[in-house]
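Student: Sharing a structure, written as structure tokens. Questions coming.
The values are calculated or read from the model by the stated rules, or taken from the named source; none is laboratory data. Quick caveat: nothing in here was measured; it's all calculated off a predicted structure. Counting neighbours? That spans all protein chains shown, and the Cβs are built from the backbone with ideal geometry, glycine included.
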Amino acid sequence: MTDQSPSHEMLTSPHSVGNKIARLIWGVVYVLLFRYSPRSFHVWRNFLLRLFGAKIHGTSRIYPKAKIWFPGNLVMGPHACLGEGADCYNVATVTIGEWATVSQYAYLCGATHDHEDVAFPLIPKPITIGKRAWIAADVFVGPGVTVGDGTVVGARSSVFKDLPAWQICMGTPARPVKSRGLGPADFNMPDAGKEG
């Protein structure tokens, strides 16, 4: 422990005033209009998120108790899903591909800190969840990670590095344990050459 006070850089937010104001307004809208909306009101929640800059397809489903740090950094493809209690800390862009599911209580962590710098600066890094992927319940996905198309990440796993396509992955850290039985051809996806 040290008796030195933190540096000025540590006390200064890297976010612009505009970003802070947008997140403040979003926080009010989230509590008043989003969080307690009926579970089936996906169109309403999509509308609210789009007002704040989210790029989400009309068939995307975001459940009312999902948390989105900054809607402007959220991209969701057709039929993508962000489940109840999922936490999307999207300081950088988080992309959830078409038909991908992020299950309840998963945490998508889109930033880290440089612990080797005395100023401890925030380092935003994007996250990409591939098409037809499934992030199961209570999974942690770290900054800068890409989960490949069709990959399943087992419940309570922690993902710190990119995962290949069409695999079943689990553990902490998550790693492939076997190929997924399904592949692109099963879903009529253009790249019918099954990866794995």
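Student: In the stretch 22-62, what residues are within 21 Å of Ala100 (Cα to Cα) and surrounded by fewer than 18 Cβ atoms within 10 Å (Cβ to Cβ)?
Tutor: Arg39, Ser40, Phe41, Val43, Trp44, Phe47, Arg50, Gly53, Lys55, His57, Gly58, Thr59, listed by residue number.
Student: I'd like the full set of residues that are on the phi > 0 side of the Ramachandran plot and small (Gly, Ala, Ser), limited to the stretch 32-90.
Tutor: Across the stretch 32-90, the qualifying residues are Gly53, Gly85.
Student: With respect to Pro6, determine if the residue is at pLDDT below 95 and under 22 Å from Ala92 (Cα atoms). Lay out the reasoning, then the answer.
Tutor: Values: at pLDDT below 95: yes; under 22 Å from Ala92 (Cα atoms): no.
So Pro6 does not fit the description; no.
Student: Has the stretch 49-57 got any residue that is part of a loop (DSSP other than H, G, I, E, B) and touching a Cys at 6+ places or on another chain (Cβ under 8 Å)? Working first, answer last.
Tutor: As a first pass, look at the stretch 49-57 and keep what is part of a loop (DSSP other than H, G, I, E, B): 52-54, 57.
Narrowing the set further to residues that are touching a Cys at 6+ places or on another chain (Cβ under 8 Å) leaves none.
Scanning the stretch 49-57, I find no residue that is part of a loop (DSSP other than H, G, I, E, B) and touching a Cys at 6+ places or on another chain (Cβ under 8 Å), so the answer is no.
Student: Of the residues Ile96, Ile62, which single one is touching a helix residue (DSSP H, G or I) at 6+ places or on another chain (Cβ under 6 Å) and either over 26 Å from Pro190 (Cβ atoms) or without any contact (Cβ under 8 Å) to a residue 60 or more places away in the chain (or both)? Walk me through it before giving the result.
Tutor: Details: Ile96 fails: touching a helix residue (DSSP H, G or I) at 6+ places or on another chain (Cβ under 6 Å).
The unique qualifying residue is Ile62.
Student: Considering only residues that are assigned to a loop (DSSP other than H, G, I, E, B) and either touching an Asp or Glu at 6+ places or on another chain (Cβ under 7 Å) or at pLDDT 95 or above (or both), which ones fall in the stretch 9-48?
Tutor: Our first condition is that a residue be assigned to a loop (DSSP other than H, G, I, E, B); within the stretch 9-48, this holds for 12-16, 35-41.
Matches in the stretch 9-48: Arg35, Tyr36, Ser37, Pro38, Arg39, Ser40, Phe41.
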